[in-house]
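Comments concern the structure below.
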Amino acid sequence: MRRMFREIMEKVYRLIAFAICGGIALYGVIAIAYAVKHSDGGSLAMGLVCSMIAAFLFAYLVIPPIAEKMAFGFYTPKNVKPLPPEFPLIQAKIKKEEYAGAIADLEKLLEKDPGNYHVVSLLVDVFVDRIDDHGNAIGLITAYLKKDERCPEDLPLVMKLVDVYLEIDNKEKAVALLDKEIKMKYRDIERKQLIKRLEGIVMPNSKKGI
């Protein structure tokens, strides 16, 4: 629930930032138009400054997410099994907050098809984002990751487990997990993601110690 609230607040702040950016840009355009019509140098300068500020703010808001999407585009797995046919009904239960029934259905699917990424991922989402059951989320992902081989669809669950550890203030386990996963049989592209995530956790602590 805390992560969901944080994501909602981030979207709200982002909308506010876009509104401010739009307001500054509009003021800049009006100031420039006024300056051209009345030959007012002061208004022209103010309009240009506001337009530049709006442009920089817009670039700051738009470019990083696009760059991240390009860099981490495979973060959501693409080449995995099709969704089980029962999924729409289970997702409907989740929307209705019938979590006990949804969890029971997902666990039945896991009994039929252990290690199914879609089932594990949705069940983890319910545990983490809906009912704050971090213990079951940790156990489920840990069991899923016990296999020796690694493939691209494993990475989101690894990152999810890192998120859970950080959410319960257990950086040591998050770092240990990333250290272990970096040594697993990933492709270079996945390994770079893991290294970058590890550096993002460790480097701030290192800087504080300097």
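The values are calculated or read from the model by the stated rules, or taken from the named source; none is laboratory data. Every value quoted in this text rests on a predicted model; they were computed, and no experiment measured them. Glycine also receives a Cβ, built like all others from the backbone with ideal geometry; neighbour counts cover every protein chain displayed.
One line per residue, one yes/no per condition, for (1) in the same structural domain as A92 (by TED's automatic domain parsing); (2) under 30 Å from E98 (Cα atoms); (3) exposed (fewer than 15 other Cβ atoms within 10 Å of the Cβ):
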residue: G135; (1), (2), (3): yes, yes, yes
residue: G139; (1), (2), (3): yes, yes, yes
residue: M159; (1), (2), (3): yes, yes, no
residue: D169; (1), (2), (3): yes, yes, yes
residue: K173; (1), (2), (3): yes, no, no
residue: G200; (1), (2), (3): yes, no, yes
- Message: For the stretch 119-183, give me every one of the helices (runs of 4 or more DSSP H) that falls completely inside it and has 3 or more residues that are under 30 Å from A92 (Cα atoms).
- Response: 134-144, 154-167
- Out of all the residues in the stretch 99-142, which are under 18 Å from the mean Cα position of the chain (by Cα) and polar (S, T, N, Q)? S121
- Please enumerate the residues belonging to the stretch 109-146 that are closer than 16 Å to P85 by Cα and either at pLDDT 95 or above or of a type in the set (A, V, I, L, M, F, W, C) (or both). L109, L110, V119, V120, L122, L123
- Note on the structure: For E149, the lone unmet condition from (1) free of Cβ contacts under 8 Å to residues at least 40 places away in the same chain; (2) in contact with a strand residue (DSSP E or B) (Cβ under 8 Å, 6 or more places away or on another chain); (3) crowded, with 17+ Cβ neighbours inside 10 Å is (3)
